[in-house]
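Structure, as structure tokens:
What follows is calculated from the coordinates using simple rules that are stated; it is not laboratory data. Keep in mind it's a predicted model, so treat the numbers as computed, not measured. Neighbour counts run over all protein chains shown; Cβ positions are idealised from the backbone, glycine included.
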Amino acid sequence: MDGLIIDSEPLWRKSEMEVFQSMGYDFTEEICIQTMGMRLDTVVKFWYEKLKWSHPSIEDVVQNIQNKLIENVSEFGNPIEGVIETIHLLKESNIPIAIASSSSFKIINAVVEKLQLNKVFDVIHSAENEENGKPHPAVFNSTAKMLGFNNENCLVLEDSKFGMLAAINAGMKVIVVPENGKKPEWSKEADRTLSSLKDFNLKQLSFS
């Protein structure tokens, strides 16, 4: 969802920077990019292991970033270029689609409300209900089961390295659409890399 349906990666970084800066840490976009695609609680634990702040608690930091993000999504959230057309193409072709996100249900709900996509997806699933977040494949494994498909018959669209690795670990095909049309070195592990969802078409569902 983040960075693939909604242009939220900049909003995630903005929210993280605002919260960590309020705690006295000079967080930059480059610092935040290091954990892009990871589940929020994992991100905060990652930085706690490095910074060892005394307060607020890890749980409070997670909640503060989540609340800040929802504010930013409501005010600034926009769909990724080409995503609405891609969703309509898949729906018109009777291809089941799902959200399988590292974000919490609270954030997912804020996004689908903002973009008016409430009734579009056959399944919406969050890694907050899984023991492990991306790059562990759990969220994709569970989503495939909810859709009623074997993993090898699923295609994942992702924008982040951790999301791509989760799809690969799940044994699924993966198309990467990196942020800002870039083609980072890690994206070579994907089955395909697109510069934009505007380039997506139904022929790309076949990898034979």
Rg in Å to one decimal, and Dmax rounded to a whole Å, for the range 9-76 via C-alpha atoms
11.0, 32
Neighbour-count order for I5, I95, fewest beta carbons within 10 angstrom listed first
I95, I5
Pairs of Cα atoms under 8 Å, at least six residues apart: use those to get the relative contact order of the range 85-208, whole percent.
19 percent
Which shape class applies to the range 153-203: rounded if a/c is under 1.5, otherwise prolate when a/b exceeds b/c and oblate if not, where a ≥ b ≥ c are the square roots of the Cα gyration tensor eigenvalues?
oblate
Estimated 222 nm signal from helices in the chain, with DSSP H stretches of n ≥ 4 weighted -39500 (n - 2.57), rounded to 500
-13000 deg cm²/dmol
How much net charge surrounds F27 when only the other residues with a Cβ under 14 Å from the Cβ of F27 are counted, with Lys and Arg +1 and Asp and Glu -1?
-1
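For the chain, give me the percentage of DSSP beta bridges that are antiparallel, rounded to the nearest 5 percent.
Rounded to the nearest five, the antiparallel share is 10 percent.
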Starting from the amide H of K173, placed 1.01 Å from N in the peptide plane, find each other amide H under 5 Å away whose residue is 5 or more places distant or on another chain.
C154, V156
Along the range 18-27, Karplus-curve 3J(HN,Hα) (6.51, -1.76, 1.60; θ = phi - 60°) to the nearest Hz, with x for Gly and Pro, reads 4, 6, 5, 5, 5, 8, x, 9, 8, 7
Would you kindly state how much longer the chain becomes between T28 and K52 on full extension, computed as 0.36 nm times their sequence separation minus their alpha carbon distance, in nm to one decimal?
6.8 nm
Taking amide H atoms as placed 1.01 Å from N in the peptide plane, list the residues 5 or more away in sequence, or in a different chain, whose amide H sits under 5 Å from that of I6.
I80
Placing +1 on each Lys and Arg Cβ and -1 on each Asp and Glu Cβ in the chain, then taking the dipole about the Cα centre, the residue among L117, S22, L89 whose Cα reaches farthest towards the positive end is L89
DSSP-defined beta bridges in the range 56-176 - what % are antiparallel, rounded to 5:
0 percent
Residue by residue through the range 95-107, which ³J(HN,Hα) values in whole Hz follow from phi under the Karplus form 6.51 cos²θ - 1.76 cosθ + 1.60 (θ = phi - 60°), with glycine and proline marked x?
9, x, 10, 9, 9, 10, 10, 6, 6, 6, 4, 4, 6
Of the candidates P96, P137, P178, which one comes out as most mobile in a Gaussian network treatment of the chain with C-alpha springs shorter than 10 Å?
P96
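Plugging the Kirkwood radius over Cα pairs into Stokes-Einstein for the chain, at a temperature of 4 °C and a viscosity of 1.567 mPa s, what D comes out in µm²/s? Mind dumping the intermediate values first?
Values: Rh = 17.4 Å.
Translational D for this selection: 74 µm²/s.
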Is the range 83-205 rounded, prolate or oblate when judged by the Cα gyration tensor, a ≥ b ≥ c being the square roots of its eigenvalues, rounded requiring a/c under 1.5 and prolate requiring a/b larger than b/c?
rounded
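Provide the net charge surrounding N67, with neighbours chosen by a C-beta distance below 14 Å and charges set as Lys +1, Arg +1, Asp -1, Glu -1.
-3
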Pairs of alpha-carbon atoms within less than 8 angstrom and 6+ residues apart define the contacts here; what relative contact order does the chain have, in percent?
20 percent
